[in-house]
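Below you'll find the structure, written out as structure tokens, and then a few comments.
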Amino acid sequence: MNISEILNKGAVSVNLTAASKDDMLSELVDLLVSSKSVRKADKPEILKRLKEREVLGSTGIGKGVAIPHAKCSKVKKMTAAFGVSKKGVDFKSLDGQSTFIFFTLIAPGETPGPHLKALAKISRLLDDRFIRERLRSAKSDNDILSIIRSEEKKSGS
């Protein structure tokens, strides 16, 4: 499974505008709704699950990256959204720094294996400083998708 297979083209944004953690989670779920990856009626439940996960510990992993994720029985297949905030957000990251890159993953409740594999792939991708810089400076949503696909080809995933 490639990241690009679960990342809907319509759920990518190079210009996230939220200024707080809760607003960012909402904006990311809005990307999933607008791309028809999830139903609008399911947004409250998905947001609730994401916020419950954040209570366990911030998904702001540092280096300007957050990977908010949750399992939700309302979704039938794993889906993802990706966005870049030019200003950065205080996402309560482990390193205390602002967060600029957001990769949200929502999985059906009964699939822990694929969910964990996807999180590992996303983490590996975003651990590379060069890739993070390219993603942060992307000019368009299509550029984001091209960068991710290009890196997947290089790594053979």
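For the range 94-108, filtered to residues that are surrounded by fewer than 20 Cβ atoms within 10 Å (Cβ to Cβ) and touching a residue at least 12 places away in the same chain (Cβ under 8 Å), the residue that is nearest to Ala80 (Cα to Cα) is Pro108. So is Glu27 surrounded by 18 or more Cβ atoms within 10 Å (Cβ to Cβ), among the charged types (D, E, K, R) and touching a strand residue (DSSP E or B) at 6+ places or on another chain (Cβ under 7 Å) or not? Taking the combined requirement at face value, the residue satisfies it.
Residue-wise test of (1) touching a Lys or Arg at 6+ places or on another chain (Cβ under 8 Å); (2) not hydroxyl-bearing (Ser, Thr, Tyr).
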site	(1), (2)
Lys74	yes, yes
Lys77	no, yes
Val89	yes, yes
Gly96	no, yes
Thr99	no, no
Gly109	yes, yes
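Residue-level analysis places Ser85 among those that are surrounded by 20 or more Cβ atoms within 10 Å (Cβ to Cβ) and either over 21 Å from Lys36 (Cβ atoms) or of a type in the set (Gly, Ala, Ser) (or both).
One line per residue, one yes/no per condition, for (1) aliphatic (A, V, I, L, M); (2) under 23 Å from Asp30 (Cα atoms); (3) at pLDDT 95 or above:
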{"residue": "Gly64", "(1), (2), (3)": "no, yes, yes"}
{"residue": "Lys71", "(1), (2), (3)": "no, yes, no"}
{"residue": "Val75", "(1), (2), (3)": "yes, yes, no"}
{"residue": "Phe82", "(1), (2), (3)": "no, yes, yes"}
{"residue": "Glu110", "(1), (2), (3)": "no, no, no"}
{"residue": "Leu125", "(1), (2), (3)": "yes, no, no"}
{"residue": "Asp128", "(1), (2), (3)": "no, no, no"}
{"residue": "Ser150", "(1), (2), (3)": "no, no, no"}
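In the set Lys36, Lys43, only one residue is outside any strand (DSSP E or B), at positive phi and either among the hydroxyl-bearing types (Ser, Thr, Tyr) or surrounded by fewer than 17 Cβ atoms within 10 Å (Cβ to Cβ) (or both); that residue is Lys36. Scanning the range 49-61 for residues that are assigned to a strand (DSSP E or B), touching a residue at least 24 places away in the same chain (Cβ under 8 Å) and either of a type outside the set (Phe, Trp, Tyr) or closer than 24 Å to Arg136 by Cα (or both) turns up at least one hit. Mind checking which residues of the range 13-33 are within 15 Å of the chain's Cα centre (by Cα) and small (Gly, Ala, Ser)? Passing the criteria: Ser13, Ala18, Ser26.
The values are calculated or read from the model by the stated rules, or taken from the named source; none is laboratory data. Here the structure is a predicted model, which means the values were calculated and not measured. Neighbour counts run over all protein chains shown; Cβ positions are idealised from the backbone, glycine included.
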